[in-house]
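J.: Have a look at this one.
The values are calculated or read from the model by the stated rules, or taken from the named source; none is laboratory data. Please read all numbers here as calculations on a predicted model, not as lab measurements. Don't worry about glycine lacking a Cβ; one is built from the backbone with ideal geometry, like all the others, and counts go over all protein chains shown. SASA here: full protein model, heavy atoms, side chains in, ligands and nucleic acids out. Shrake-Rupley method; radii C 1.70, N 1.55, O 1.52, S 1.80 Å.
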Amino acid sequence: MAIRETLKLGEMLIEAGVITPEQLEAGLKEHKKTKEFLGVTLVKMGFVSEEELLPVLSKQLGIPFVRIKEMVIEPEIIKRVPAKFASHYKLMPLRMENGTLVIAVTDPLDIHTIDDIKLLLGYDVKPVLAGEKDITEAIKKYYGIGAGTVEKMLEKTAVEEAEGKVTEVVTEEVEELAEDASVIKFVNQLLSQAVEERATDVHIEPYEDELKVRFRIDGVLNDISVPPAIRHFASAIVSRIKIMANLNIAERRLPQDGRIIIKIKGKDYDLRISIIPCVFGESVVIRILSPGMLYSLEELGLLERDLKILEEMIAKPHGIIFNTGPTGSGKTTTLYACLSKINKPGIKIITIEDPVEYQLKGIVQLQVHPKIGFTFATGLRSILRHDPDVIMVGEVRDLETAETAIRVALTGHLVFSTLHTNDAAGGVTRLIDMGIEPFLVASSVECIIAQRLVRLICPDCKKAVKPSKDVLEELEVMENVDVDKITIFEGKGCEHCKFTGYRGRTGIYEFLVINNEIRKMIVERLPSDQIKKKAMEMGMRTLRQDGWEKVLKGLTTPAEVMRVTQREE
């Protein structure tokens, strides 16, 4: 942009009250260094937001302003502009108007770039104004993540088009291609996008005619748009991930597990890689662990009463606290929060895990290696020689581990561990079914916690709704609830939550405290449903009830509670 036009633009923004003269002066200094569009510079410096800047620019310059996220763009329009071209110039084709292609750009005053675009596309173009973030999101949505990179990959390899179909990359080239800059760039783009969208897992799944990529966001899998041509590079992408994780790239018949430490936008992320062979290639799951996923007890979503119970339990000098629930229900996060709370200089804490998910300062952490005979049970026996006060066992999977953990608890240690059961009372039955004597369970276990994760309603699109008949029926039986006065909420769906209505997660909990009456029932081998019934009579709140309390507090929706819990008789 010419200096005169830049100054004119700055004056327009001052007249509109968007920026101050001092901010314009600072912006112009930075603009001279970067040669960027002045508007972009002012946004980056934090003087103005895109939402404030663009409508004013549109009005002052007489160029239409569009919000691409509110538009539907036809596939034939997308085909007119190559992905690498859209990515390079940061433009988005929108529609054809009388033989002229309407394109969204961030700087419609950059005449040289507009001329380049006309020449390269062979069309007359009409620029309209759109936000940089809006254009970037649209490119990812319509072209797929890394579309420009994939086009370069197609150009660089021996892949040829014949009758509209592209031939497969030959096997011999896969290892060489895995080190190609374009493949490396695509994998990095995929991981960056996963982190940006708060994904906890990335699934890369090969099928006969496509390579599917899915992100698990807030516990739910979402299909991610990737260019269809990426299927021809499935082997190269998997090989690249293997190289990053120091795995054997020649082994494609056996499962492999590895780990990658990666830095994205200045933050370190720990990636756990699992690769399994399947019919059409190798399937990859990448678990993303970030330092921000470590929580304190207060951040877990416990209601005040449950927080008090848990604090009392972890203050005990000995006994076992079990956390139960399916895979991915947040058990490890809860146990780490408990350990962080009691981690003080005067206490020795040792954990034995599979795998060690987060490194905790001041805590000795061991990882099991079953292939060489280092199991939970053998590790537990060795740990005792190191004089610990508190021990965490990643999971009680078998009789030997259970017996050892109980013996450790009975000899004056506080033990934390997990079980896979549907509810808290089911944990008692599971231990007895493993072969543990009921009197040992009754004398060693202090508390069993069941938990699930529910999605939180997005705060930006939260709205009150009328509860359904089924919801009212369940809420009627809850204490101190007037069904005529209750208000429940849902998320309408907005750009902040990717139009899901949810953003973030919290836990719902069930605390079975093993008191004298429950101990007596355990020794008598009474079934878990009777133990649960007795505990509820004594004040235990079930997972479902805890979920309904969080619905009434406006944190989550009835649909989420029904999704993760069973209806109670």
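J.: Among the residues of region 180-189, what is the count of those that are open to solvent by 10 Å² or more (accessible area, probe 1.4 Å) and either in a helix (DSSP H, G or I) or at pLDDT 90 or above (or both)?
T.: Of the residues in region 180-189, 5 are open to solvent by 10 Å² or more (accessible area, probe 1.4 Å) and either in a helix (DSSP H, G or I) or at pLDDT 90 or above (or both).
J.: Then there's this: Residue by residue through region 106-136, note down the ones that are among the acidic types (D, E) and either surrounded by fewer than 17 Cβ atoms within 10 Å (Cβ to Cβ) or within 13 Å of Y89 (Cβ to Cβ) (or both).
T.: The answer is D107, D110, D115, D116, D124, E132.
J.: So which residues in region 367-385 are open to solvent by 40 Å² or more (accessible area, probe 1.4 Å) and within 27 Å of Y295 (Cβ to Cβ)?
T.: Q367
J.: Let me ask something additional. Can you tell me how many residues in region 245-257 are open to solvent by 20 Å² or more (accessible area, probe 1.4 Å), in contact with a Gly (Cβ under 8 Å, 6 or more places away or on another chain) and among the aliphatic types (A, V, I, L, M)?
T.: Going through region 245-257 one residue at a time, the tally reaches 1.
J.: Cβ contacts < 6 Å: first residue at negative phi, restricted to region 291-306; second residue part of a loop (DSSP other than H, G, I, E, B), any location; separation 6+ or different chain. Result?
T.: L294/Y358
J.: So I63 fits all but one of (1) among the hydrophobic types (A, V, I, L, M, F, W, C); (2) in contact with a His (Cβ under 7 Å, 6 or more places away or on another chain); (3) touching a residue at least 40 places away in the same chain (Cβ under 8 Å); what number is the exception?
T.: Of the numbered conditions (1) among the hydrophobic types (A, V, I, L, M, F, W, C); (2) in contact with a His (Cβ under 7 Å, 6 or more places away or on another chain); (3) touching a residue at least 40 places away in the same chain (Cβ under 8 Å), the odd one out for I63 is (2).
J.: If you don't mind, another one. Are any of the residues in region 325-332 modelled with pLDDT of 90 or more and more than 30 Å from D218 (Cβ to Cβ)?
T.: no
J.: Looking at D433, D423, which is the one that is free of Cβ contacts under 8 Å to residues at least 24 places away in the same chain and over 30 Å from K344 (Cβ atoms)?
T.: D433
J.: Within the group L453, L431, L419, which residue is open to solvent by less than 10 Å² (accessible area, probe 1.4 Å) and in contact with a Gly (Cβ under 7 Å, 6 or more places away or on another chain)?
T.: L419
J.: Test V169 against the stated conditions and say whether it is within 36 Å of the chain's Cα centre (by Cα), outside any helix (DSSP H, G or I) and modelled with pLDDT under 85.
T.: Taking the combined requirement at face value, the residue satisfies it.
J.: Still on this structure, please answer the following. Residues L129, L109: which one is touching a Ser or Thr at 6+ places or on another chain (Cβ under 6 Å) and of a type in the set (A, V, I, L, M, F, W, C)?
T.: One residue alone meets the criteria, L129.
J.: Determine the pairs where a residue that is on the phi < 0 side of the Ramachandran plot, located within region 543-569, has a partner that is assigned to a loop (DSSP other than H, G, I, E, B) and open to solvent by less than 10 Å² (accessible area, probe 1.4 Å) with Cβ atoms under 8 Å apart, the partner being 6 or more residues away or on another chain.
T.: Close Cβ pairs (under 8 Å, with a partner that is assigned to a loop (DSSP other than H, G, I, E, B) and open to solvent by less than 10 Å² (accessible area, probe 1.4 Å)) amount to G547/T556; K550/T556; V551/T557; T557/G501; T565/T542; E568/T542.
J.: Any residue at all in region 312-325 that is open to solvent by less than 10 Å² (accessible area, probe 1.4 Å), of a type in the set (S, T, Y) and either assigned to a loop (DSSP other than H, G, I, E, B) or in contact (Cβ under 8 Å) with a residue 40 or more places away in the chain (or both)?
T.: yes
J.: Next question. Report whether or not A147 is at pLDDT 85 or above and small (G, A, S).
T.: It is false that A147 is at pLDDT 85 or above and small (G, A, S).
J.: What's the total number of residues in region 195-206 that are of a type outside the set (D, E, K, R) and either closer than 12 Å to S235 by Cα or touching a Ser or Thr at 6+ places or on another chain (Cβ under 6 Å) (or both)?
T.: Total satisfying the criteria: 2.
J.: Still on this structure: Look through region 501-543, keep the residues that are of a type in the set (S, T, N, Q) and touching a strand residue (DSSP E or B) at 6+ places or on another chain (Cβ under 7 Å), and return whichever of them is most open to solvent (accessible area, probe 1.4 Å).
T.: Among those that are of a type in the set (S, T, N, Q) and touching a strand residue (DSSP E or B) at 6+ places or on another chain (Cβ under 7 Å), it is T506.
J.: Follow-up question, since we're still on this one. Of all residues in region 434-446, count the ones that are under 27 Å from T333 (Cβ atoms), in contact with a Leu (Cβ under 6 Å, 6 or more places away or on another chain) and open to solvent by 10 Å² or more (accessible area, probe 1.4 Å).
T.: Of the residues in that region, 1 qualify.
J.: Pick out the one residue from I286, I260, I275, I237 that is within 19 Å of the chain's Cα centre (by Cα), crowded, with 16+ Cβ neighbours inside 10 Å and farther than 24 Å from R505 by Cα.
T.: I260
J.: Right, here's the next one. Of the conditions (1) in contact with a helix residue (DSSP H, G or I) (Cβ under 7 Å, 6 or more places away or on another chain); (2) farther than 30 Å from M293 by Cα; (3) of a type in the set (A, V, I, L, M, F, W, C), I488 fails just one. Which one is it?
T.: Against the list (1) in contact with a helix residue (DSSP H, G or I) (Cβ under 7 Å, 6 or more places away or on another chain); (2) farther than 30 Å from M293 by Cα; (3) of a type in the set (A, V, I, L, M, F, W, C), I488 comes up short only on (2).
J.: Is it the case that region 491-501 has a residue that's within 25 Å of I448 (Cα to Cα) and at pLDDT below 90?
T.: No, region 491-501 contains no residue that is within 25 Å of I448 (Cα to Cα) and at pLDDT below 90.
J.: Could you go through region 196-215 and let me know if any residue there is buried (at least 20 other Cβ atoms within 10 Å of the Cβ) and part of a helix (DSSP H, G or I).
T.: no
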